[in-house]
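The values are calculated or read from the model by the stated rules, or taken from the named source; none is laboratory data. These figures come from a predicted structure and were not determined experimentally. Here the Cβ is made from the backbone with ideal geometry for all residues, glycine too, and neighbour counts use every protein chain on show.
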Amino acid sequence: MTRILIVDDEPNSCSILGIRFKRKDFEVETLTDWRAAIQRIEKGPSPDVVLTDLKLENGDEGLQVLSAAKEADPETQVIVMTAFASTETAVTAMRTGAYHYLTKPLNLDEVEVVVDRALERRSLAQDNVSLRKQLRATRHPKILGKSLAVQRVLELVQKVAAHQPRSVLITGQSGTGKELVARAVHDAGARAKKPFVPINCGAIPENLVESELFGAVRGAYTGATTDRMGLCEEADGGTLFLDEIGELPLQAQVKFLRLLQERRIRRVGDRKDREIDVRIIAATNRNLKDQVREGNFRDDLFFRLNVVEINVPPLSARREDIPLLVDHFVDRFNTESGRDVRGLTQGAMHLLGTHPFEGNVRELENIIERGVTLCDGEWIDVADLPPDLGHPDSLISGGPAVVVGEDGIDLEAVLEDYERQLINSAMGQVNQVKTKAADLLGLSFRSFRYRYKKLFEENS
(Lines give C-alpha, C1' and ligand atoms only; values in the text may rest on other atoms or scores of the structure.)
Protein backbone atom coordinates (compact mmCIF):
# COMPACT_ATOMS: atom_id res chain seq x y z
CA MET A 1 0.00 0.00 0.00
CA THR A 2 1.19 3.53 -0.79
CA ARG A 3 2.40 5.37 2.32
CA ILE A 4 2.13 9.17 2.57
CA LEU A 5 3.29 11.31 5.48
CA ILE A 6 1.70 14.78 5.84
CA VAL A 7 3.52 17.29 8.07
CA ASP A 8 1.82 20.62 8.78
CA ASP A 9 1.45 22.69 11.96
CA GLU A 10 -2.11 23.55 10.90
CA PRO A 11 -4.35 20.65 12.05
CA ASN A 12 -7.02 21.72 9.58
CA SER A 13 -4.65 21.33 6.65
CA CYS A 14 -3.55 17.89 7.89
CA SER A 15 -7.17 16.81 8.21
CA ILE A 16 -8.23 17.97 4.74
CA LEU A 17 -5.22 16.42 2.99
CA GLY A 18 -5.56 13.23 5.04
CA ILE A 19 -9.19 12.76 4.00
CA ARG A 20 -8.28 13.40 0.36
CA PHE A 21 -5.62 10.69 0.22
CA LYS A 22 -7.46 8.16 2.34
CA ARG A 23 -10.07 8.18 -0.42
CA LYS A 24 -7.33 6.90 -2.74
CA ASP A 25 -6.68 3.99 -0.35
CA PHE A 26 -3.33 5.43 0.75
CA GLU A 27 -1.90 4.66 4.17
CA VAL A 28 -1.93 8.21 5.57
CA GLU A 29 -0.08 9.59 8.61
CA THR A 30 -0.46 13.21 9.70
CA LEU A 31 1.82 15.06 12.15
CA THR A 32 1.83 18.69 13.30
CA ASP A 33 5.27 18.64 14.93
CA TRP A 34 8.39 18.56 12.74
CA ARG A 35 10.52 16.83 15.39
CA ALA A 36 7.99 14.00 15.64
CA ALA A 37 8.02 13.79 11.85
CA ILE A 38 11.80 13.34 11.77
CA GLN A 39 11.59 10.67 14.49
CA ARG A 40 8.90 8.86 12.50
CA ILE A 41 11.03 8.96 9.34
CA GLU A 42 14.15 7.70 11.14
CA LYS A 43 12.17 4.90 12.77
CA GLY A 44 10.81 3.66 9.42
CA PRO A 45 9.46 2.27 7.26
CA SER A 46 10.10 5.12 4.82
CA PRO A 47 6.99 6.75 3.35
CA ASP A 48 6.66 6.80 -0.41
CA VAL A 49 5.77 10.50 -0.37
CA VAL A 50 6.26 13.21 2.26
CA LEU A 51 4.07 16.30 1.97
CA THR A 52 5.52 18.91 4.35
CA ASP A 53 4.97 22.55 5.13
CA LEU A 54 8.15 24.62 4.90
CA LYS A 55 7.74 26.84 7.98
CA LEU A 56 6.67 24.61 10.87
CA GLU A 57 7.84 26.72 13.80
CA ASN A 58 10.15 29.72 13.52
CA GLY A 59 12.13 28.95 10.39
CA ASP A 60 12.50 26.50 7.53
CA GLU A 61 12.04 23.34 9.61
CA GLY A 62 10.40 21.71 6.61
CA LEU A 63 13.85 21.54 4.99
CA GLN A 64 15.04 19.47 7.96
CA VAL A 65 12.11 17.09 7.41
CA LEU A 66 13.09 16.98 3.72
CA SER A 67 16.74 16.21 4.51
CA ALA A 68 15.78 13.47 7.00
CA ALA A 69 13.47 11.83 4.46
CA LYS A 70 16.08 11.84 1.67
CA GLU A 71 18.77 10.56 4.04
CA ALA A 72 16.56 7.68 5.18
CA ASP A 73 15.56 6.76 1.62
CA PRO A 74 16.84 8.76 -1.40
CA GLU A 75 13.86 7.54 -3.43
CA THR A 76 11.27 9.05 -1.06
CA GLN A 77 9.59 11.89 -2.95
CA VAL A 78 9.19 15.07 -0.87
CA ILE A 79 6.74 17.82 -1.80
CA VAL A 80 7.15 21.15 0.01
CA MET A 81 4.21 23.46 0.79
CA THR A 82 4.37 27.07 1.95
CA ALA A 83 2.33 30.25 2.19
CA PHE A 84 5.54 32.32 1.96
CA ALA A 85 6.53 31.62 -1.60
CA SER A 86 9.71 33.07 -3.08
CA THR A 87 12.13 32.06 -5.81
CA GLU A 88 14.91 31.68 -3.25
CA THR A 89 13.00 29.24 -1.06
CA ALA A 90 11.84 27.27 -4.08
CA VAL A 91 15.41 26.90 -5.37
CA THR A 92 16.65 25.93 -1.89
CA ALA A 93 13.97 23.27 -1.55
CA MET A 94 14.64 21.82 -5.00
CA ARG A 95 18.39 21.75 -4.44
CA THR A 96 17.89 20.02 -1.11
CA GLY A 97 16.06 17.26 -2.97
CA ALA A 98 12.39 18.26 -3.09
CA TYR A 99 10.39 16.76 -5.93
CA HIS A 100 7.99 19.70 -6.17
CA TYR A 101 7.04 23.01 -4.55
CA LEU A 102 3.43 24.07 -3.86
CA THR A 103 2.13 27.42 -2.63
CA LYS A 104 -0.79 27.91 -0.25
CA PRO A 105 -3.73 28.13 -0.40
CA LEU A 106 -3.55 24.69 -1.95
CA ASN A 107 -5.49 23.51 -4.96
CA LEU A 108 -6.36 19.94 -3.89
CA ASP A 109 -6.67 18.71 -7.46
CA GLU A 110 -3.18 20.03 -8.19
CA VAL A 111 -1.83 18.42 -5.01
CA GLU A 112 -3.26 15.06 -6.04
CA VAL A 113 -1.76 15.30 -9.54
CA VAL A 114 1.66 16.21 -8.14
CA VAL A 115 1.56 13.33 -5.64
CA ASP A 116 0.59 10.87 -8.39
CA ARG A 117 3.49 12.06 -10.56
CA ALA A 118 5.85 11.83 -7.59
CA LEU A 119 4.81 8.20 -7.09
CA GLU A 120 5.50 7.50 -10.76
CA ARG A 121 8.95 9.00 -10.38
CA ARG A 122 9.63 6.88 -7.29
CA SER A 123 8.52 3.78 -9.17
CA LEU A 124 10.81 4.64 -12.09
CA ALA A 125 13.75 5.25 -9.75
CA GLN A 126 13.19 1.88 -8.07
CA ASP A 127 12.98 0.19 -11.47
CA ASN A 128 16.27 1.84 -12.47
CA VAL A 129 18.02 0.63 -9.31
CA SER A 130 16.74 -2.91 -9.94
CA LEU A 131 17.78 -2.77 -13.57
CA ARG A 132 21.26 -1.53 -12.69
CA LYS A 133 21.70 -4.51 -10.35
CA GLN A 134 20.61 -6.87 -13.12
CA LEU A 135 22.96 -5.26 -15.61
CA ARG A 136 25.92 -5.48 -13.23
CA ALA A 137 25.33 -9.23 -13.13
CA THR A 138 25.63 -9.55 -16.91
CA ARG A 139 28.89 -9.88 -18.81
CA HIS A 140 28.32 -6.56 -20.59
CA PRO A 141 27.22 -4.18 -17.80
CA LYS A 142 28.09 -1.02 -19.74
CA ILE A 143 25.30 -1.45 -22.28
CA LEU A 144 22.57 0.28 -20.29
CA GLY A 145 18.95 0.40 -21.34
CA LYS A 146 15.60 -1.22 -20.92
CA SER A 147 14.09 0.09 -24.16
CA LEU A 148 12.98 -2.36 -26.82
CA ALA A 149 15.67 -1.02 -29.17
CA VAL A 150 18.47 -1.84 -26.71
CA GLN A 151 16.99 -5.23 -25.84
CA ARG A 152 17.09 -6.14 -29.55
CA VAL A 153 20.78 -5.23 -29.65
CA LEU A 154 21.49 -7.36 -26.58
CA GLU A 155 19.63 -10.31 -28.12
CA LEU A 156 21.80 -10.05 -31.24
CA VAL A 157 24.94 -9.81 -29.10
CA GLN A 158 24.07 -13.09 -27.37
CA LYS A 159 23.30 -14.86 -30.66
CA VAL A 160 26.49 -13.63 -32.32
CA ALA A 161 28.57 -14.55 -29.27
CA ALA A 162 27.08 -18.03 -29.20
CA HIS A 163 27.49 -18.86 -32.90
CA GLN A 164 30.83 -17.09 -33.54
CA PRO A 165 30.48 -15.87 -37.16
CA ARG A 166 33.82 -14.96 -38.73
CA SER A 167 32.87 -11.29 -39.09
CA VAL A 168 30.31 -8.85 -37.68
CA LEU A 169 29.41 -5.35 -38.88
CA ILE A 170 28.21 -2.82 -36.30
CA THR A 171 26.50 0.29 -37.68
CA GLY A 172 25.18 3.41 -36.04
CA GLN A 173 25.70 7.12 -35.54
CA SER A 174 28.77 8.51 -33.77
CA GLY A 175 28.52 8.32 -30.01
CA THR A 176 25.99 5.48 -29.83
CA GLY A 177 28.42 2.98 -28.26
CA LYS A 178 29.52 0.76 -31.13
CA GLU A 179 32.77 -0.21 -29.41
CA LEU A 180 30.84 -1.22 -26.26
CA VAL A 181 28.74 -3.55 -28.40
CA ALA A 182 31.89 -5.01 -29.98
CA ARG A 183 33.41 -5.61 -26.54
CA ALA A 184 30.16 -7.22 -25.40
CA VAL A 185 30.29 -9.67 -28.33
CA HIS A 186 33.90 -10.49 -27.44
CA ASP A 187 33.29 -10.83 -23.69
CA ALA A 188 30.20 -13.03 -24.09
CA GLY A 189 31.85 -15.53 -26.42
CA ALA A 190 34.49 -18.26 -26.40
CA ARG A 191 37.26 -15.72 -27.16
CA ALA A 192 36.65 -13.72 -23.97
CA LYS A 193 40.02 -14.67 -22.41
CA LYS A 194 41.92 -13.82 -25.60
CA PRO A 195 42.97 -10.31 -26.74
CA PHE A 196 40.47 -7.66 -27.83
CA VAL A 197 42.43 -5.24 -30.03
CA PRO A 198 40.64 -2.04 -31.10
CA ILE A 199 41.87 -0.04 -34.11
CA ASN A 200 40.57 3.33 -35.28
CA CYS A 201 41.13 3.12 -39.03
CA GLY A 202 40.76 6.88 -39.44
CA ALA A 203 43.49 7.67 -36.91
CA ILE A 204 46.37 5.92 -38.71
CA PRO A 205 48.24 7.88 -41.43
CA GLU A 206 47.67 6.27 -44.82
CA ASN A 207 51.38 5.57 -45.43
CA LEU A 208 51.59 3.65 -42.13
CA VAL A 209 48.35 1.66 -42.31
CA GLU A 210 49.80 -1.58 -43.69
CA SER A 211 52.79 -1.73 -41.33
CA GLU A 212 50.66 -0.85 -38.29
CA LEU A 213 48.03 -3.47 -39.10
CA PHE A 214 50.09 -6.29 -40.63
CA GLY A 215 53.57 -5.63 -39.25
CA ALA A 216 56.89 -5.29 -41.04
CA VAL A 217 60.21 -7.11 -41.31
CA ARG A 218 63.62 -5.61 -40.76
CA GLY A 219 64.70 -3.43 -43.68
CA ALA A 220 61.21 -3.15 -45.14
CA TYR A 221 61.49 0.65 -45.01
CA THR A 222 63.78 3.31 -43.61
CA GLY A 223 63.87 3.00 -39.84
CA ALA A 224 62.70 -0.65 -39.73
CA THR A 225 65.66 -2.01 -37.76
CA THR A 226 63.84 -5.06 -36.35
CA ASP A 227 60.93 -7.31 -37.23
CA ARG A 228 57.70 -5.86 -35.86
CA MET A 229 54.39 -7.55 -35.15
CA GLY A 230 51.25 -5.79 -36.43
CA LEU A 231 47.97 -5.28 -34.60
CA CYS A 232 46.35 -8.18 -36.46
CA GLU A 233 48.88 -10.61 -34.98
CA GLU A 234 48.41 -9.08 -31.53
CA ALA A 235 44.75 -10.12 -31.78
CA ASP A 236 45.59 -13.72 -32.71
CA GLY A 237 43.08 -16.04 -31.05
CA GLY A 238 40.87 -13.12 -30.07
CA THR A 239 38.97 -10.26 -31.68
CA LEU A 240 40.17 -7.49 -33.98
CA PHE A 241 37.87 -4.47 -33.79
CA LEU A 242 38.12 -2.14 -36.80
CA ASP A 243 36.40 1.11 -35.89
CA GLU A 244 35.53 3.46 -38.77
CA ILE A 245 36.20 0.72 -41.32
CA GLY A 246 35.04 3.07 -44.08
CA GLU A 247 38.27 5.07 -43.64
CA LEU A 248 40.47 2.09 -44.56
CA PRO A 249 42.51 2.73 -47.75
CA LEU A 250 41.71 0.50 -50.74
CA GLN A 251 45.15 -1.21 -50.74
CA ALA A 252 44.71 -2.23 -47.10
CA GLN A 253 41.17 -3.42 -47.90
CA VAL A 254 42.66 -5.98 -50.30
CA LYS A 255 44.83 -7.44 -47.52
CA PHE A 256 41.93 -7.55 -45.10
CA LEU A 257 39.84 -9.40 -47.65
CA ARG A 258 42.58 -12.02 -47.83
CA LEU A 259 42.65 -12.23 -44.05
CA LEU A 260 38.91 -12.92 -43.99
CA GLN A 261 39.06 -15.46 -46.80
CA GLU A 262 42.25 -17.36 -45.98
CA ARG A 263 43.11 -16.31 -42.40
CA ARG A 264 46.57 -15.30 -43.58
CA ILE A 265 48.54 -12.07 -43.49
CA ARG A 266 51.93 -10.97 -44.81
CA ARG A 267 54.11 -8.45 -43.05
CA VAL A 268 55.39 -5.52 -45.11
CA GLY A 269 58.64 -6.59 -46.82
CA ASP A 270 58.17 -10.27 -45.99
CA ARG A 271 58.09 -13.14 -48.51
CA LYS A 272 55.98 -15.57 -46.54
CA ASP A 273 52.49 -15.60 -45.11
CA ARG A 274 51.56 -16.09 -41.49
CA GLU A 275 48.42 -17.89 -40.35
CA ILE A 276 46.35 -16.16 -37.70
CA ASP A 277 42.99 -16.89 -36.13
CA VAL A 278 41.02 -13.72 -35.43
CA ARG A 279 37.40 -12.74 -35.53
CA ILE A 280 36.82 -9.41 -37.27
CA ILE A 281 34.29 -6.95 -35.88
CA ALA A 282 34.00 -3.79 -37.97
CA ALA A 283 32.09 -0.62 -37.17
CA THR A 284 31.06 2.39 -39.19
CA ASN A 285 28.87 5.47 -38.97
CA ARG A 286 28.83 5.67 -42.77
CA ASN A 287 26.61 3.92 -45.27
CA LEU A 288 29.03 1.35 -46.74
CA LYS A 289 26.67 0.60 -49.62
CA ASP A 290 27.02 4.21 -50.72
CA GLN A 291 30.78 3.92 -50.29
CA VAL A 292 30.76 0.87 -52.56
CA ARG A 293 28.73 2.70 -55.22
CA GLU A 294 31.15 5.62 -55.08
CA GLY A 295 34.16 3.32 -55.50
CA ASN A 296 35.61 4.05 -52.05
CA PHE A 297 34.97 0.61 -50.58
CA ARG A 298 35.34 -2.84 -52.12
CA ASP A 299 32.06 -4.64 -52.61
CA ASP A 300 33.62 -8.07 -51.96
CA LEU A 301 35.00 -6.87 -48.61
CA PHE A 302 31.63 -5.34 -47.71
CA PHE A 303 29.85 -8.64 -48.31
CA ARG A 304 32.47 -10.53 -46.31
CA LEU A 305 32.14 -8.15 -43.38
CA ASN A 306 28.36 -7.95 -43.44
CA VAL A 307 27.67 -11.53 -42.34
CA VAL A 308 25.71 -10.23 -39.35
CA GLU A 309 24.83 -6.56 -38.92
CA ILE A 310 24.08 -5.05 -35.50
CA ASN A 311 22.59 -1.58 -35.76
CA VAL A 312 23.02 0.48 -32.59
CA PRO A 313 20.05 2.87 -32.18
CA PRO A 314 20.56 6.62 -31.66
CA LEU A 315 19.63 8.06 -28.27
CA SER A 316 16.65 9.86 -29.84
CA ALA A 317 15.14 6.42 -30.56
CA ARG A 318 15.53 5.23 -26.96
CA ARG A 319 14.61 8.26 -24.84
CA GLU A 320 13.15 6.07 -22.10
CA ASP A 321 16.76 5.04 -21.34
CA ILE A 322 17.90 8.59 -20.57
CA PRO A 323 17.09 8.48 -16.79
CA LEU A 324 19.03 5.21 -16.43
CA LEU A 325 22.01 6.58 -18.36
CA VAL A 326 21.92 9.78 -16.29
CA ASP A 327 22.06 7.76 -13.06
CA HIS A 328 24.97 5.74 -14.42
CA PHE A 329 27.01 8.79 -15.42
CA VAL A 330 26.25 10.65 -12.18
CA ASP A 331 27.48 7.61 -10.20
CA ARG A 332 30.61 7.38 -12.33
CA PHE A 333 31.58 11.04 -12.14
CA ASN A 334 30.79 11.11 -8.41
CA THR A 335 33.34 8.33 -7.96
CA GLU A 336 35.92 10.03 -10.17
CA SER A 337 35.55 13.48 -8.58
CA GLY A 338 34.75 12.52 -4.99
CA ARG A 339 31.40 14.30 -5.11
CA ASP A 340 27.98 13.22 -3.83
CA VAL A 341 25.57 14.52 -6.45
CA ARG A 342 22.18 12.77 -6.25
CA GLY A 343 20.87 13.49 -9.73
CA LEU A 344 19.01 16.09 -11.76
CA THR A 345 16.22 18.43 -10.79
CA GLN A 346 12.92 18.00 -12.58
CA GLY A 347 13.61 21.04 -14.75
CA ALA A 348 17.01 19.76 -15.85
CA MET A 349 15.56 16.33 -16.67
CA HIS A 350 12.78 17.98 -18.69
CA LEU A 351 15.41 19.64 -20.88
CA LEU A 352 17.29 16.40 -21.46
CA GLY A 353 14.03 14.70 -22.38
CA THR A 354 13.52 16.99 -25.37
CA HIS A 355 17.11 17.57 -26.49
CA PRO A 356 17.85 16.09 -29.97
CA PHE A 357 21.19 14.49 -28.85
CA GLU A 358 22.96 14.56 -32.18
CA GLY A 359 26.07 13.37 -30.31
CA ASN A 360 24.06 10.53 -28.74
CA VAL A 361 25.22 8.84 -25.52
CA ARG A 362 28.66 10.48 -25.73
CA GLU A 363 26.99 13.90 -25.72
CA LEU A 364 24.84 12.97 -22.71
CA GLU A 365 27.96 11.74 -20.92
CA ASN A 366 29.68 15.10 -21.48
CA ILE A 367 26.60 17.01 -20.29
CA ILE A 368 26.45 15.04 -17.03
CA GLU A 369 30.20 15.43 -16.44
CA ARG A 370 29.75 19.19 -16.78
CA GLY A 371 26.75 19.12 -14.43
CA VAL A 372 28.57 17.15 -11.73
CA THR A 373 31.51 19.54 -12.02
CA LEU A 374 29.51 22.80 -11.85
CA CYS A 375 26.57 22.12 -9.52
CA ASP A 376 26.79 23.75 -6.09
CA GLY A 377 24.60 21.34 -4.17
CA GLU A 378 23.38 17.77 -4.40
CA TRP A 379 21.27 18.29 -7.52
CA ILE A 380 22.22 19.28 -11.07
CA ASP A 381 19.95 22.17 -12.05
CA VAL A 382 19.15 23.87 -15.36
CA ALA A 383 21.88 26.47 -14.76
CA ASP A 384 24.49 23.68 -14.59
CA LEU A 385 23.66 22.40 -18.08
CA PRO A 386 25.16 23.82 -21.32
CA PRO A 387 23.69 27.29 -22.00
CA ASP A 388 22.21 26.40 -25.39
CA LEU A 389 20.61 23.14 -24.25
CA GLY A 390 17.15 24.51 -23.57
CA HIS A 391 17.06 27.67 -25.63
CA PRO A 392 13.88 27.82 -27.74
CA ASP A 393 15.79 29.15 -30.77
CA SER A 394 18.22 26.24 -30.71
CA LEU A 395 15.32 23.84 -30.31
CA ILE A 396 13.60 25.25 -33.39
CA SER A 397 16.68 25.38 -35.61
CA GLY A 398 18.32 22.22 -34.30
CA GLY A 399 15.38 19.86 -34.54
CA PRO A 400 15.13 17.43 -37.42
CA ALA A 401 12.94 18.42 -40.33
CA VAL A 402 9.64 16.57 -40.50
CA VAL A 403 9.08 14.95 -43.88
CA VAL A 404 5.79 13.47 -45.01
CA GLY A 405 6.59 10.06 -46.43
CA GLU A 406 4.54 7.69 -48.52
CA ASP A 407 2.85 6.29 -45.41
CA GLY A 408 1.90 9.77 -44.19
CA ILE A 409 2.29 11.13 -40.65
CA ASP A 410 0.13 11.78 -37.62
CA LEU A 411 0.02 15.59 -37.80
CA GLU A 412 -1.68 16.00 -34.42
CA ALA A 413 0.97 13.86 -32.73
CA VAL A 414 3.82 15.77 -34.41
CA LEU A 415 2.37 19.15 -33.39
CA GLU A 416 1.71 17.93 -29.85
CA ASP A 417 5.27 16.66 -29.51
CA TYR A 418 6.68 19.96 -30.81
CA GLU A 419 4.47 21.94 -28.40
CA ARG A 420 5.67 19.72 -25.54
CA GLN A 421 9.30 20.43 -26.47
CA LEU A 422 8.74 24.20 -26.54
CA ILE A 423 6.98 24.20 -23.17
CA ASN A 424 9.74 22.05 -21.68
CA SER A 425 12.34 24.43 -23.07
CA ALA A 426 10.55 27.50 -21.71
CA MET A 427 10.13 25.90 -18.28
CA GLY A 428 13.83 25.14 -18.22
CA GLN A 429 14.67 28.78 -18.96
CA VAL A 430 12.71 30.07 -15.96
CA ASN A 431 13.44 27.36 -13.35
CA GLN A 432 9.98 25.77 -13.70
CA VAL A 433 8.00 28.94 -12.85
CA LYS A 434 4.84 28.52 -14.93
CA THR A 435 3.81 32.19 -14.97
CA LYS A 436 7.19 33.17 -16.41
CA ALA A 437 7.09 30.33 -18.92
CA ALA A 438 3.68 31.54 -20.09
CA ASP A 439 5.12 35.04 -20.64
CA LEU A 440 8.09 33.60 -22.52
CA LEU A 441 5.73 31.76 -24.88
CA GLY A 442 3.35 34.71 -25.28
CA LEU A 443 0.44 32.86 -23.64
CA SER A 444 -2.00 33.83 -20.93
CA PHE A 445 -1.41 31.87 -17.74
CA ARG A 446 -4.82 30.23 -18.13
CA SER A 447 -3.97 29.05 -21.65
CA PHE A 448 -0.53 27.85 -20.55
CA ARG A 449 -1.96 25.96 -17.58
CA TYR A 450 -4.51 24.22 -19.86
CA ARG A 451 -1.81 23.18 -22.34
CA TYR A 452 0.59 22.04 -19.60
CA LYS A 453 -2.08 19.91 -17.92
CA LYS A 454 -3.11 18.37 -21.23
CA LEU A 455 0.45 17.54 -22.34
CA PHE A 456 2.14 16.54 -19.08
CA GLU A 457 -0.46 15.62 -16.48
CA GLU A 458 -3.33 13.95 -18.27
CA ASN A 459 -0.94 11.59 -20.09
CA SER A 460 1.31 10.94 -17.11
Problem set entry | Residue in the range 76-87 that is under 14 Å from ILE4 (Cβ atoms), among the polar types (S, T, N, Q) and modelled with pLDDT of 90 or more present | yes
When restricted to ASP290, ASP299, ASP327, the only residue buried (at least 17 other Cβ atoms within 10 Å of the Cβ) and among the acidic types (Asp, Glu) is ASP327
Inset, instruction - For LEU124, indicate whether it is part of a loop (DSSP other than H, G, I, E, B), modelled with pLDDT of 70 or more and assigned by TED's automatic domain parsing to the domain that holds SER15. - result: no
Considering residues that are farther than 22 Å from GLY177 by Cα and of a type in the set (S, T, N, Q), the number found within the range 251-290 is 3
In the range 360-384, residues that are within 17 Å of the chain's Cα centre (by Cα), polar (S, T, N, Q) and surrounded by fewer than 16 Cβ atoms within 10 Å (Cβ to Cβ) total 1
Across the range 338-368, the tally of residues that are under 14 Å from VAL382 (Cα atoms) and assigned to a helix (DSSP H, G or I) stands at 11
Of ASP33, ASP8, the only residue that is out of contact with any helix residue (DSSP H, G or I) (no Cβ under 6 Å at 6 or more places or on another chain) and either farther than 14 Å from VAL115 by Cβ or buried (at least 17 other Cβ atoms within 10 Å of the Cβ) (or both) is ASP33
By residue number, the members of the range 250-279 that are outside any helix (DSSP H, G or I), out of contact with any Cys (no Cβ under 9 Å at 6 or more places or on another chain) and within 11 Å of GLU210 (Cβ to Cβ) are ARG266, ARG267, VAL268, GLY269
Filter the range 316-337 for residues that are of a type in the set (D, E, K, R) and assigned to a helix (DSSP H, G or I); the one that is farthest from GLN421 (Cα to Cα) is GLU336
The lone condition PRO74 fails out of (1) surrounded by fewer than 17 Cβ atoms within 10 Å (Cβ to Cβ); (2) in a helix (DSSP H, G or I); (3) in contact with a helix residue (DSSP H, G or I) (Cβ under 9 Å, 6 or more places away or on another chain); (4) in contact (Cβ under 8 Å) with a residue 60 or more places away in the chain is (2)
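How many residues does the range 52-71 contain that are touching an Asp or Glu at 6+ places or on another chain (Cβ under 8 Å) and in a loop (DSSP other than H, G, I, E, B)?
Of the range 52-71, the ones touching an Asp or Glu at 6+ places or on another chain (Cβ under 8 Å) are 52-57, 62, 68.
If we keep only those that are in a loop (DSSP other than H, G, I, E, B) too, we end up with 54-57.
Residues in the range 52-71 being touching an Asp or Glu at 6+ places or on another chain (Cβ under 8 Å) and in a loop (DSSP other than H, G, I, E, B): 4 in total.
This table checks each residue for (1) out of contact with any His (no Cβ under 7 Å at 6 or more places or on another chain); (2) not assigned by TED's automatic domain parsing to the domain that holds GLU155; (3) not aromatic (Phe, Trp, Tyr).
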{"position": "ASP299", "(1), (2), (3)": "yes, no, yes"}
{"position": "PHE302", "(1), (2), (3)": "yes, no, no"}
{"position": "VAL326", "(1), (2), (3)": "yes, yes, yes"}
{"position": "THR335", "(1), (2), (3)": "yes, yes, yes"}
{"position": "HIS355", "(1), (2), (3)": "yes, yes, yes"}
{"position": "ASN366", "(1), (2), (3)": "yes, yes, yes"}
{"position": "PRO386", "(1), (2), (3)": "yes, yes, yes"}
Of the candidates LEU213, LEU242, the one satisfying the condition of being touching a strand residue (DSSP E or B) at 6+ places or on another chain (Cβ under 6 Å) and without any contact (Cβ under 8 Å) to a residue 60 or more places away in the chain is LEU242
Taking the range 1-44 and the residues there that are free of Cβ contacts under 8 Å to residues at least 60 places away in the same chain and of a type in the set (Phe, Trp, Tyr), the one that is nearest to PRO105 (Cα to Cα) would be TRP34
Restricted to the range 303-361 and to residues being over 25 Å from ALA98 (Cβ atoms) and of a type in the set (Ser, Thr, Tyr), the residue modelled with the highest pLDDT is THR335
